[in-house]
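Could you have a look at this structure, given as structure tokens, before my questions?
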Amino acid sequence: MSRVAPPSSVLGRLLEAAGYRVDVREEAILAHRPRDHRAVVIVGSARSPAEIESWYPTDAVHRTIVYDDDPGPVARALAADRGIEVLDPTTLGPALAELLLPSALDRPGPSELGAAEPLLEPPYATEFGDARTVRPRIGRAEAEAIAGIDAPRYLLRLVPFYVAAYHVRPPSAHGAPGRVIRQIVAVNGLSRRAEVWTDLDRELVEDLDEPHQRFVPQVTEGEAVSLAREAIRREHTIHVDHTEQHGGALVIESRRIAPPIEDVRIGPFVLLFVPYWYAEGDDGRVVLDAVTGRRVTSAEAGSP
């Protein structure tokens, strides 16, 4: 097995002092600085960049391999294809300052010096009182006109949604803390689909005069938390184009960076019931959102 040369331990300590999180393994040293999304792997020259690539954190933007000897042209070509910078004992010195010092965009301004990043707290529960049913804005006559099919049955069904406010701190392209955003996440208790609502522009009532079917959720609240968290991270993922010069080639790599799990805080869930019109006939089924009139699939609404 290839072992990391002893001088690499000195570099590991330098990286740790520069704000990297350092993981010392038998075959390599892995260093990651979340603030500017830099990641460095210190390894013996026998390791291929294709193997090392899987060791980097998924949010790493600037990736570097520091070899203990010249890895050769094949390894350099493989690294260039993957947008990975390669350093060896002859090139490490000139590049060391860039690895250790934060970029100009990452350095705090005078007003930020000594200021701690505020903790991200979960929002308070959203208050609805006893009103837990969303009032339809589309009546049966309007639903028949919108559906446009000859359907003998029009059923108003109330689909359960777990709804909560959340706080998220989206990442920025250069690792600086982003602005905290407060929005609403809703998890369909039948289909397991989770979506972000920019607001709760829906009128809530205790019950409906229109005949309807009310369904109970098939998803537990614990499952809803996990589904909501992943939907929030997808919603607030950013795309970053990272450019590096490798020899005479300019390599542009597009990466997706999602908010860390610790930067997502979800408040308590409330169970709301959202109305959908189901038009069922010989031509099949049409499902309409009874608030917006939008046609949706059975999978979106959560076909019972």
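The values are calculated or read from the model by the stated rules, or taken from the named source; none is laboratory data. Since we're looking at a predicted model, the values are computed, not measured. A quick note on method: Cβ atoms are made from the backbone with ideal geometry, for glycine too, and the neighbour counts reach across all protein chains shown.
Within region 199-232, how many residues turn out to be under 17 Å from the mean Cα position of the chain (by Cα) and free of Cβ contacts under 8 Å to residues at least 40 places away in the same chain?
Residues in region 199-232 being under 17 Å from the mean Cα position of the chain (by Cα) and free of Cβ contacts under 8 Å to residues at least 40 places away in the same chain: 3 in total.
Report whether or not GLU142 is modelled with pLDDT of 85 or more and surrounded by 15 or more Cβ atoms within 10 Å (Cβ to Cβ).
Spelling it out, GLU142 is indeed modelled with pLDDT of 85 or more and surrounded by 15 or more Cβ atoms within 10 Å (Cβ to Cβ).
Separate question: Identify all residues within region 264-294 that are farther than 21 Å from TYR162 by Cα, surrounded by 15 or more Cβ atoms within 10 Å (Cβ to Cβ) and of a type in the set (D, E, K, R); write none if there are none.
Hits for region 264-294 are GLU280, ARG285.
So which residues in region 145-179 are of a type outside the set (Val, Ile, Thr), closer than 13 Å to LEU288 by Cα, at pLDDT 85 or above and not in a strand (DSSP E or B)?
Within region 145-179, ALA145 is the sole residue that qualifies.
So which of SER303, SER298 is surrounded by 12 or more Cβ atoms within 10 Å (Cβ to Cβ), within 30 Å of ALA141 (Cβ to Cβ) and either among the β-branched types (Val, Ile, Thr) or at pLDDT 80 or above (or both)?
SER298
Since SER54 meets every condition but one in (1) under 18 Å from ASP36 (Cβ atoms); (2) outside any strand (DSSP E or B), which condition does it not meet?
(1)
Assess whether GLU51 counts as being over 21 Å from ALA80 (Cβ atoms) and acidic (Asp, Glu).
Against the criterion (over 21 Å from ALA80 (Cβ atoms) and acidic (Asp, Glu)), GLU51 does not qualify.
Among (1) at pLDDT below 90; (2) loosely packed, with under 14 Cβ neighbours inside 10 Å; (3) farther than 30 Å from ASP36 by Cβ; (4) touching a strand residue (DSSP E or B) at 6+ places or on another chain (Cβ under 8 Å), where does SER254 come up short?
(3)
Another question, if that's okay. Which members of region 29-54 meet the condition of being of a type in the set (Gly, Ala, Ser) and either surrounded by 21 or more Cβ atoms within 10 Å (Cβ to Cβ) or not assigned by TED's automatic domain parsing to the domain that holds LEU96 (or both)?
ALA31, ALA39
Determine whether region 269-276 contains at least one residue that is of a type in the set (Val, Ile, Thr) and under 19 Å from GLU223 (Cα atoms).
yes
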